[in-house]
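Written below as structure tokens is the structure these notes are about.
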Amino acid sequence: MTVVLDRVSKSFGRVEVLRELDVATGDGEFLVLLGASGSGKTTALRMIAGLESTTSGRVLIGERDVTQVLPKNRDVAMVFQSYALYPHKSVAENIGYPLRVRGQSTSEIDRQVNEVASQVQLDKLLGRYPRQLSGGQRQRVALARAMVRRPAAFLMDEPLSNLDAKLRGHMRTELRRMQHDLGITTVYVTHDQIEAMTLADRVAILEQGVLQQLGTPREIYEDPANLFVAGFIGSPPMNQLRGRHENGRFVNSAGTIDTGLQRTLDSVTLGIRPEDCRIVDASQGTLTGRLYALELIGDHVLASVTLDGSTPQVHTGKTDAFITADTFAVKMPKDYSAPIDARVDISVAREGIRLFAANGERLRR
Amino acid sequence: MSDRRLGEMSPLTKIVVYGLLIGWSLIVLFPLYWVLITSVKLPGQVGDGPDYLPFIDFTPSLHAWRYIFVDLGSDTFRPYLNSVIIAGASTVLAMAVGACAAYALARLHFRPRLLSIGLFLVCLGLGVWMIGSGLVGWPIAAASGVAIFVISVLALSRVRSPRLGNSDILFWVISQRILPPVVAALPIYIMFQQIGILDTHLAIILTYTTVNMPIVVWLMYDFFAAIPIDIEESAELDGASRFRIFREMVLPLAKPGLAATSLLVLILSWNEYLLALFLSTARAQTIPLLVAAQNATRGPQWWYMSVLIVIMIVPVVLLTILLQRLIAKGLLLGAVKG
């Protein structure tokens with residue numbers, strides 16, 4: 001069953017939360033809605049569920065226009081960030097509740113509950129109550145409750161965000177596997193780009209209610225549609241240099257890079273990922289600067305370089321403003337070492353260059 | 001200073017704390033004890049002075065108890081039964097209506113138009129004037145008031161008007177209780193007299209329900225609002241109707257709140273004196289009235305009064321003990337991630 005958001009907009013009073021969101025999943029696809037808080041991703045999910053109305057646009061599940069249909073008749077199951085388990089009911093009663101509401105017989109409910117419980121390894125915990133369970137166990141109860149209905153689509157609102165890092169990694173794999181085995185279309189909301197990259201068949205990146213890009217993980221990594229996507233995906237983020245472009249070359253205070261693009265632009269941003277750069281011997285590279293810091297990550301060393309001509313930048317994040325030296329990140333082999341403040345040259349792989357116009361849009365040839 | 005575990009009190013602190021607690025317990029419990037022993041004193045002994053120890057200071061006697069239960073018999077039993085019926089029924093009604101109203105205010109979004117409210121007030125005034133001027137009887141006046149209101153609201157449904165919200169409705173409901181009920185005692189009396197239900201259970205039950213419902217809404221609103229909305233949304237997606245969610249999810253999770261509120265309302269109704277005095281004469285008399293009636297021409301008969309007070313207190317104390325466990329239990333542990 002496919003899920004379609006057909007040019008959906010949502011405003012709360014005068015505040016526009018989603019603008020003309022147009023997304024369609026394939027049948028059985030794992031679609032991730034990725035974005036920071038306030039991007040509108042949870043609102044979009046709740047509109048698929050029917051917990052929020054649309055200001056304009058349609059929601060379709062399969063061929064059915066469900067825009068005006070009540071949540072309970074949409075045949076979707078949702079896993080909430082808080083799991084939303086019923087605290088006064090046992091695990092078995094929690095899982096069986098959707099079936100009980102539909103009026104199925106007790107024996108039938110028991111059979112299906114046991115079946116799903118063994119799939120998520122909850123068969124020994126059926127008599128317990130939510131307050132007696134660990135975080136991971138509660139999450140599995142929430143999953144089981146969603147699975148037992150065999151819905152047309154799963155909706156998941158950051159279900160892994162409350163688990164510790166190790167359990168999160170384990171559950172990611174389990175979730176992916178489960179979705180693959182069941183073949184049920186899943187729309188998954190997260191702010192964690194690693195979750196998005198590892199779980200998704202396709203990712204829809206949202207920022208302030210506007211869809212930035214819809215593509216496979218590889219597409220959004222290799223072929224970002226704009227500066228926001230380029231800076232959001234990838235850890236550490238893509239390096240961004242501002243400068244001019246003329247005669248097939250990008251010109252910046254730190255150096256000149258051949259791009260082969262025949263365009264003349266006064267203001268352009270060049271993006272290059274740390275793994276597409278190398279610190280090379282003097283006068284062999286195209287950018288020059290001083291080594292700011294070295295970090296041993298484990299399998300590689302992350303070198304931060306202050307390029308010539310760059311001034312300390314004021315970065316205004318969502319919660320604070322901080323001043324940093326504008327550093328350029330380069331991934332080096334794990335045995336690389338050099339004195340801090342040494343002068344270094346950086347060479348850049350041409351196939352890794354991504355150019356962006358002044359408005360942030362990606363420049364393609 | 002000897003080594004102490006974190007949180008353990010020093011002996012001196014323990015003495016002070018326990019001393020204060022015992023002292024306060026004595027202050028609270030002594031009046032109850034006093035009432036109890038007064039009920040077993042002879043009339044002469046009550047006036048003799050502070051004698052508190054039975055068999056030592058005075059000889060207890062059951063004469064007052066005998067009088068109240070045997071001699072007066074049904075004259076005691078009837079008010080007692082009336083109190084039970086009236087307090088019980090009004091509590092149940094107030095809780096039923098108030099809880100539904102509180103849930104609606106907590107979860108649904110109302111935006112009444114100022115225009116409609118204005119029309120309602122106008123029609124209300126119109127109805128009152130019609131009755132007051134004696135032109136028509138009250139049924140016709142009420143019916144025409146309602147009809148005019150409905151028609152005018154429908155006719156003006158397209159007219160734009162500023163809107164109020166849930167918090168306004170909530171405040172309005174709660175503000176009904178700010179007015180001391182006794183202010184409305186005379187109008188209520190006349191109203192029941194006109195309808196012909198003075199001195200009946202129904203009249204007092206209706207009055208108590210109306211007076212206590214705002215309190216129920218006020219308290220239950222907070223309890224309902226505190227239930228994580230995730231749980232209700234999850235049940236909604238699982239296929240439950242709104243009423244089913246209320247019955248199976250919200251009410252069980254609000255049990256401590258329901259217990260506490262119903263106990264409060266029961267106590268208020270059980271002890272209420274002034275409105276019962278106005279609205280009853282003989283048949284619907286409640287226990288507080290009987291207690292006050294012991295104040296005869298020769299002065300207050302403390303011994304009879306004490307017996308009545310004791311039997312008046314006992315049910316409420318028992319109920320509180322029964323419900324106290326429920327009130328203290330925390331039911332929401334483990335539902336939400338916490």
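The values are calculated or read from the model by the stated rules, or taken from the named source; none is laboratory data. Since this is a predicted model, take the numbers as computed values, not measurements. Here Cβ is always computed from backbone atoms with ideal geometry, including for glycine, and neighbour counts include all displayed protein chains.
Kindly indicate whether any position in segment B:44-58 is surrounded by 13 or more Cβ atoms within 10 Å (Cβ to Cβ), of a type in the set (D, E, K, R) and touching a residue at least 40 places away in the same chain (Cβ under 8 Å).
The answer is no; no qualifying residue exists.
Quickly run through segment A:141-171 and pick out the residues that are in a helix (DSSP H, G or I) and crowded, with 21+ Cβ neighbours inside 10 Å.
Of segment A:141-171, the ones in a helix (DSSP H, G or I) are A:141-147, A:165-171.
Hits for segment A:141-171 are A:V141, A:A142, A:L143, A:A144, A:R145, A:A146, A:M147.
Please return the ranges of helices (runs of 4 or more DSSP H) entirely within segment B:152-262 where 1 or more residues are more than 30 Å from A:E158 (Cα to Cα).
Details: elements: B:166-175, B:185-195, B:201-226, B:229-238, B:242-245.
It comes to B:166-175, B:185-195, B:201-226.
Count, please, the residues in segment B:263-274 that happen to be outside any loop (DSSP other than H, G, I, E, B) and buried (at least 21 other Cβ atoms within 10 Å of the Cβ).
4
Rundown of residues vs (1) polar (S, T, N, Q); (2) over 26 Å from B:L266 (Cα atoms); (3) assigned by TED's automatic domain parsing to the domain that holds B:A254, yes/no style:
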site: B:G127; (1), (2), (3): no, yes, no
site: B:A141; (1), (2), (3): no, yes, no
site: B:S144; (1), (2), (3): yes, yes, no
site: B:I169; (1), (2), (3): no, no, no
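With the requirement that a residue be polar (S, T, N, Q) and either touching an Asp or Glu at 6+ places or on another chain (Cβ under 7 Å) or without any contact (Cβ under 8 Å) to a residue 12 or more places away in the chain (or both), what does segment B:179-205 give you?
Residue satisfying the conditions is B:Q193 alone.
Taking segment A:42-87, which residues are within 14 Å of chain B (Cβ to nearest Cβ) and small (G, A, S)?
A:A49, A:G50, A:S53, A:A77, A:S82, A:A84
Among the residues of segment A:113-122, is any surrounded by fewer than 21 Cβ atoms within 10 Å (Cβ to Cβ), within 12 Å of chain B (Cβ to nearest Cβ) and without any contact (Cβ under 8 Å) to a residue 60 or more places away in the chain?
No.
For segment A:275-305, give me each residue that is hydrophobic (A, V, I, L, M, F, W, C) and surrounded by fewer than 19 Cβ atoms within 10 Å (Cβ to Cβ).
A:V280, A:A282, A:A293, A:L294, A:L296, A:I297, A:L302 - these are the residues of segment A:275-305 that are hydrophobic (A, V, I, L, M, F, W, C) and surrounded by fewer than 19 Cβ atoms within 10 Å (Cβ to Cβ).
Restricting segment A:129-140 to residues that are in a loop (DSSP other than H, G, I, E, B) and within 25 Å of A:R172 (Cβ to Cβ), which is farthest from the other protein chains (Cβ to nearest Cβ)? Lay out the reasoning, then the answer.
At the first step, the residues of segment A:129-140 found to be in a loop (DSSP other than H, G, I, E, B) are A:129, A:133-134.
Okay, now just the ones that are also within 25 Å of A:R172 (Cβ to Cβ), so A:133-134.
Working: A:L133: 7, A:S134: 10 Å.
Ranking the qualifying residues of segment A:129-140, first place goes to A:S134.
Within segment B:99-140, work out how many residues are surrounded by fewer than 17 Cβ atoms within 10 Å (Cβ to Cβ), of a type in the set (F, W, Y) and within 30 Å of B:I229 (Cβ to Cβ).
1
I want to confirm something. Restricting to segment B:226-263 and keeping residues that are more than 25 Å from the chain's Cα centre (by Cα) and among the small types (G, A, S), which single residue is farthest from A:Y83 (Cα to Cα)?
The selected residue is B:S241.
Determine if segment B:207-214 includes at least one residue that is more than 14 Å from chain A (Cβ to nearest Cβ), over 21 Å from B:I86 (Cβ atoms) and out of contact with any strand residue (DSSP E or B) (no Cβ under 6 Å at 6 or more places or on another chain).
no
Of all residues in segment B:1-47, which are within 14 Å of B:W303 (Cα to Cα), under 34 Å from the mean Cα position of the chain (by Cα) and either in a loop (DSSP other than H, G, I, E, B) or at pLDDT 90 or above (or both)?
B:S39, B:V40, B:K41
May I ask you to verify whether B:M213 is under 18 Å from B:R177 (Cα atoms) and either surrounded by 19 or more Cβ atoms within 10 Å (Cβ to Cβ) or in contact (Cβ under 8 Å) with a residue 24 or more places away in the chain (or both)? Quick ask: steps written out before the conclusion?
Working: under 18 Å from B:R177 (Cα atoms): yes; either surrounded by 19 or more Cβ atoms within 10 Å (Cβ to Cβ) or in contact (Cβ under 8 Å) with a residue 24 or more places away in the chain (or both): yes.
Against the criterion (under 18 Å from B:R177 (Cα atoms) and either surrounded by 19 or more Cβ atoms within 10 Å (Cβ to Cβ) or in contact (Cβ under 8 Å) with a residue 24 or more places away in the chain (or both)), B:M213 qualifies.
Out of (1) within 8 Å of chain B (Cβ to nearest Cβ); (2) surrounded by fewer than 16 Cβ atoms within 10 Å (Cβ to Cβ), what's the single condition that is false for A:T106?
In the conditions (1) within 8 Å of chain B (Cβ to nearest Cβ); (2) surrounded by fewer than 16 Cβ atoms within 10 Å (Cβ to Cβ), A:T106 misses (1) alone.
Pull up segment B:228-272, narrow it to residues that are acidic (D, E) and within 21 Å of B:V92 (Cα to Cα), then point me to the one that is farthest from the other protein chains (Cβ to nearest Cβ).
If we take residues in segment B:228-272 being acidic (D, E) and within 21 Å of B:V92 (Cα to Cα), then B:E272 is farthest from the other protein chains (Cβ to nearest Cβ).
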